Structure formats: structure tokens, C-alpha cells
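Engineer: My structure is below; once you've seen it, I'll send some questions.
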Amino acid sequence: MRNKLLTMLVALPMLAWSMTAAAANPAVGRWKTIDDKTGEVKSIVEIYSTTDGSLAGKVVEILKSDKGPNPVCSDCSGDRKNKPIKGMVILWGLKPDGDNEWAGGIILDPANGKTYKSKMELHPDGRKLDVSGCIAFICRAQTWVKE
């Protein structure tokens with residue numbers, strides 16, 4: 001009984017802190033990714049705050065894939081090679097860069113295994129998020145919608 005009480009005393013402040021951190025950052029949450037070429041909803045990405053204060057995002061659901069129901073990142077390199085895309089961190093290292101803007105991150109396109117410099121900007125309504133990936137001056141952008 002004493003161990004359970006001690007665990008609760010330790011866990012409650014941590015839970016309250018994580019809820020406050022999520023409420024403080026409007027980009028944190030689940031986002032529908034909208035394909036910029038077809039306009040179709042492809043997946044759900046959950047954006048979260050990391051321990052260093054940056055934002056990261058992982059694929060939590062795949063809604064439409066050309067590679068079947070459980071696609072893997074066959075074109076990825078390193079530890080992501082041939083790993084399931086569901087559960088994969090595809091966005092990391094984004095730091096605040098103004099009001100409702102984040103930059104300096106990396107985004108992975110699991111369709112081709114390539115990584116790009118990334119930035120994000122939240123629309124004033126808080127329901128849409130512009131996410132872009134760039135190589136040099138060539139950029140590709142998608143607008144994600146809050147779930």
C-alpha cells in the first residue's frame with residue numbers, strides 16, 4: 001500500500017506537468033496528414049513535446065497507403081530501413097521560431113526514405129498546420145488538419 005501511495009505521489013505531478021505542456025503548445029496533438037498532390041488524408045501523426053523542449057511527430061495511424069495495410073519504410077536507411085511506418089518518428093527537432101511557428105527540424109518522407117529540413121506554422125484558428133520540408137530552396141508543403 002505504501003509503495004502504491006508513493007508511486008501516485010510521484011506520478012501525479014508528472015501527469016499534471018505533461019498535461020500543462022500539451023496545453024501550452026498548440027501544435028501538440030493528433031493531426032491528419034493531407035497529401036499535397038491528391039488532397040487525400042493519408043495518416044494520423046501525433047506531435048509531442050520532447051524532453052529537450054523540441055517537437056517531434058510519429059505516425060500513429062495509416063489511413064491510405066500505396067504499399068498495403070502495414071507498409072514498411074523500404075527506402076529508408078539506417079535503423080528505419082524496412083521498419084513499419086506505423087509507430088515511426090517522422091518529424092523531430094522542431095524548436096519555437098516566433099508565435100506559433102517552429103523551425104530547425106527534420107522531416108522524413110516514408111514514401112521515398114528521404115529527409116528534409118522542416119518547419120511548421122499554425123494557422124490562427126489553431127485547426128490547421130502548414131508543414132514543409134526543404135532541400136536547398138526547393139520546398140514541398142502540406143497542410144495538416146487537427147483531429
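The values are calculated or read from the model by the stated rules, or taken from the named source; none is laboratory data. All of these numbers come straight from a predicted model, not from anything done at the bench. Note that we place each Cβ from the backbone using ideal geometry, even for glycine, and neighbour counts take in every protein chain shown.
Engineer: In segment 91-124, what residues are exposed (fewer than 14 other Cβ atoms within 10 Å of the Cβ) and either of a type in the set (F, W, Y) or at pLDDT below 95 (or both)?
Structural biologist: Within segment 91-124, G98, D99, N112 qualify.
Engineer: Out of curiosity, is G39 at positive phi and without any contact (Cβ under 8 Å) to a residue 24 or more places away in the chain?
Structural biologist: Criteria met by G39.
Engineer: Looking only at residues in segment 125-141 that are modelled with pLDDT of 95 or more and part of a strand (DSSP E or B), which one is surrounded by the most Cβ atoms within 10 Å (Cβ to Cβ)?
Structural biologist: This residue is V131.
Engineer: Is there a residue being surrounded by 17 or more Cβ atoms within 10 Å (Cβ to Cβ) and within 15 Å of V28 (Cβ to Cβ) anywhere in segment 74-82? Step through it out loud before you land on a result.
Structural biologist: Filtering segment 74-82 for residues surrounded by 17 or more Cβ atoms within 10 Å (Cβ to Cβ) gives 76, 80.
Narrowing the set further to residues that are within 15 Å of V28 (Cβ to Cβ) leaves none.
The answer is no; no qualifying residue exists.
Engineer: Checking the conditions here, which among A56, A21, A16 is at pLDDT 95 or above and either among the hydrophobic types (A, V, I, L, M, F, W, C) or at negative phi (or both)?
Structural biologist: Answer to the check: A56.
Engineer: Tally time: how many residues in segment 30-89 are of a type outside the set (V, I, T), touching a Ser or Thr at 6+ places or on another chain (Cβ under 7 Å) and assigned to a strand (DSSP E or B)?
Structural biologist: The total comes to 5.
Engineer: Condition check: at pLDDT 95 or above, more than 15 Å from W144 (Cα to Cα) and of a type in the set (S, T, N, Q). Does N82 satisfy that?
Structural biologist: yes
Engineer: Among the residues of segment 95-124, what is the count of those that are closer than 25 Å to C76 by Cβ and in a loop (DSSP other than H, G, I, E, B)?
Structural biologist: 4
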